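Step one of this worksheet: look at the structure below.
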Amino acid sequence: MHKQWSLKIVYLNYAIFWVIWLIAQGYLTLFQRQMTAGMTNDLINVAVKVLIWVPLGLFWLNKTQGQLWLSKKKLYNRHFPVQFWWTLAIFIVYLGFSTWFRHHSFYITAMPFTKEGGNFFSVTLAAGLIEEFVFRGFFCNYLLAKFDMTSAIIIQALLFQAIHFPIYFAEGLSLMGWGVNVATVLPLGLIFGWIFYQSKNLWPSTILHCIWDTSVFLFI
């Protein structure tokens, strides 16, 4: 039988995770600026995220068996509630309007594999698949078993936002850049957590996450 994990232990594991990610982002950014570009840069980003996030997510899920709101065996299923379809429609309309407002016509980046140093796969696939697995699959899942729905979704969204800070530090974002990113990532964390709660399924939030990131990367 697994020893029960308290909230204190979960938050401590998150803090360790945050420091590891901060160090990884610092070294990764320094290495890529000096040594890599394009597709190589992209594949390294994906590999580093997979090697750090996925094992930790699996470890946490295994250590908290019996304490989760939704068992790990049921995380991926075929339940797509109406809330998902409405949210998907809103995303498509909003992102389409944003593209038209910014470019005044249909637009797609001419060189997606070199945009921003070459982050096509790390942005369009890896971010959605891996981040949803860790943050909705574990953190939101664990917190929903400890708190009411609103509190759990808010806490996991704050944790989700905070894990982006190492990237902001590494990229040297301006104060305006921080503000814009927080104003985007935090609401998305709330939406993804709410969709996970409504669907009891990781696929809806993962699909929404991938669609958002891909649209912003390619069209905005």
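The values are calculated or read from the model by the stated rules, or taken from the named source; none is laboratory data. None of the values given here were measured: they were computed from a predicted structure. Quick reminder, even Gly has a Cβ in these numbers, built from the backbone with ideal geometry, and neighbours come from all protein chains shown. Please note that ligands, DNA and RNA were not included when accessible areas were found on the heavy atoms of the full protein model with its side chains. Shrake-Rupley method; radii C 1.70, N 1.55, O 1.52, S 1.80 Å.
For the stretch 60-136, run through the trypsin sites (Lys or Arg not before Pro) and keep only the ones in DSSP coil with at most 12 other Cβ atoms within 10 Å of their Cβ.
Arg78
Could I have the simple spin-label model distance between Leu58 and Lys3, label points 7 Å from Cα toward Cβ, reported in nm to one decimal?
2.3
Once the piece of chain linking Ile23 and Lys74 is laid out straight, how much longer is it, given 0.36 nm per residue of separation minus the C-alpha distance between them?
15.0 nm is the gain from fully extending Ile23 to Lys74.
By how many nm would the segment from Lys200 to Phe147 lengthen if fully extended, with 0.36 nm per residue of separation less the alpha-carbon distance?
Length gained between Lys200 and Phe147: 17.5 nm.
Two decimals is fine: what is log10 I(q)/I(0) at q = 0.10, 0.11 Å⁻¹ for the stretch 103-220, from a Debye sum with one equal scatterer on every Cα and no solvent?
Log-scaled intensity ratios, in q order: -0.33, -0.39.
At 1.4 Å probe size, put Lys146, Lys8 in order of accessible surface, largest to smallest.
Accessible-area ranking of Lys146, Lys8, largest first: Lys8, Lys146.
What nm value, rounded to one decimal, do you get for the distance between Ile220 and Leu12 when each label is placed 7 Å out toward the C-beta?
4.0
How much net charge surrounds Leu202 when only other residues with a Cβ under 15 Å from its Cβ are counted (Lys, Arg +1; Asp, Glu -1)?
With Lys, Arg at +1 and Asp, Glu at -1, the net is +4.
Suppose accessible area is computed on protein heavy atoms with a 1.4 Å probe; arrange Asp148, Asp42 from highest to lowest.
Asp148, Asp42
Under a point spin-label approximation (7 Å from Cα along Cα-to-Cβ), what is the Ile92-Phe113 distance to one decimal in nm?
Placing both labels 7 Å along Cα→Cβ, they lie 2.9 nm apart.
Just need log10 I(q)/I(0) for the chain at q = 0.08, 0.10, 0.14 Å⁻¹, Debye formula, equal scatterers on the alpha-carbon atoms, no solvent, rounded to two decimals.
Per q value, in the given order, log10 I(q)/I(0) is -0.29, -0.46, -0.92.
Arrange the residues Ser6, Ser215 by how much accessible surface each exposes, largest first, with a 1.4 angstrom probe.
Ranked from most to least accessible, the order is Ser6, Ser215.
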